[in-house]
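Below you'll find the structure, written out as structure tokens, and then a few comments.
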Amino acid sequence: MRVSLQLNGETFSGDADGDESLLAMLRRHGHTAVKEGCGVGVCGACGVIVGGSYVSSCLYLAGLADGAEVWTAEGLSRTDPETADALAVAEALQCGACSPGQLVACWAYVHLGPGVPDEETIRHFFAGNLCRCTGYSTIVEAVKARCVAEGSRARGSSA
Ligand code: FES
Ligand code: FES
């Protein structure tokens, strides 16, 4: 089948098998910023935004994304450089396997909710992003910073 969507703000059209995941289709067409970890929905490496929802692209059928707006870490880094900056400043960027997923999760936490700079809530949210190499403290710090910054911006715009 043919799948056409808006990928990171640009038109994308590619073929996909009926049971192919969005992750597999994107990577097969060269969009390798989306990473494959477990392939079964537990590691968070493949996180993307589809139609305003944060999803695991390894569990999301490519065909279901037809007509949708899809954002990967690559596109979010361009449109919201503050998120990548916050992760970099906190030295929270980890290896190439988990970092794209962490970035998408950070963006989703701040922009789609819960959006509160509360450590327990952040750690709970990031339980779906597995990394064997970190204590998550720097990630929590970065997410808190983004929540505070976005909160200040929202208060400023409603003033
Ligand atoms: Fe999708 Fe692990 S590769 S959650
Ligand atoms: Fe990526 Fe640990 S730094 S899995």
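The values are calculated or read from the model by the stated rules, or taken from the named source; none is laboratory data. Just so it is clear, the structure is predicted and the values come from calculations on it, not from any experiment. Cβ coordinates were reconstructed from backbone atoms using ideal geometry, including for glycine residues, and neighbour counts include every protein chain displayed. For accessibility, only protein heavy atoms count, side chains too; no ligands or nucleic acids. Shrake-Rupley method; radii C 1.70, N 1.55, O 1.52, S 1.80 Å.
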About the Cα centre, and with charges only on the beta carbon of Lys, Arg (+1) and Asp, Glu (-1), how big is the dipole of the range 1-114? Nearest 20 debye, please. 100
Virtual spin-label span in nm between Asp17 and Ser4, 7 Å along Cα→Cβ: 2.5
For the chain, what does the helix formula give at 222 nm: sum of -39500 (n - 2.57) over DSSP H segments with n ≥ 4, over the residue count, nearest 500 deg cm²/dmol? -12500 deg cm²/dmol
Carbon and sulfur: what percent of the chain's accessible surface (1.4 Å probe)? 53
Can you grab the distance from the C-alpha centre of the range 98-143 to the C-alpha centre of the range 1-60, Å, no decimals? 21
Per residue, how much accessible area does the range 1-86 have with a 1.4 Å probe, in Å²? 46
5 angstrom amide H check on Leu7, placed H, neighbours 5+ away: Phe12, Val70
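What does the charge count near Cys43 come to, summing +1 for each Lys or Arg and -1 for each Asp or Glu among other residues with Cβ under 13 Å from its Cβ?
+1
Roughly how compact is the range 37-92, stated as its Cα Rg over 2.2 N^0.38 Å to two decimals?
Working: Rg = 12.8 Å, N = 56, 2.2 N^0.38 = 10.2 Å.
This ratio for the range 37-92 stands at 1.26.
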Beyond 21 Å, what share of the Cα-Cα pairs of the chain is found? Please give it as a whole percent. 43
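If packing is taken as the average number of other Cβ atoms within 10 Å across a peptide's residues, how do 59-66, 12-19 rank, most packed first?
59-66, 12-19
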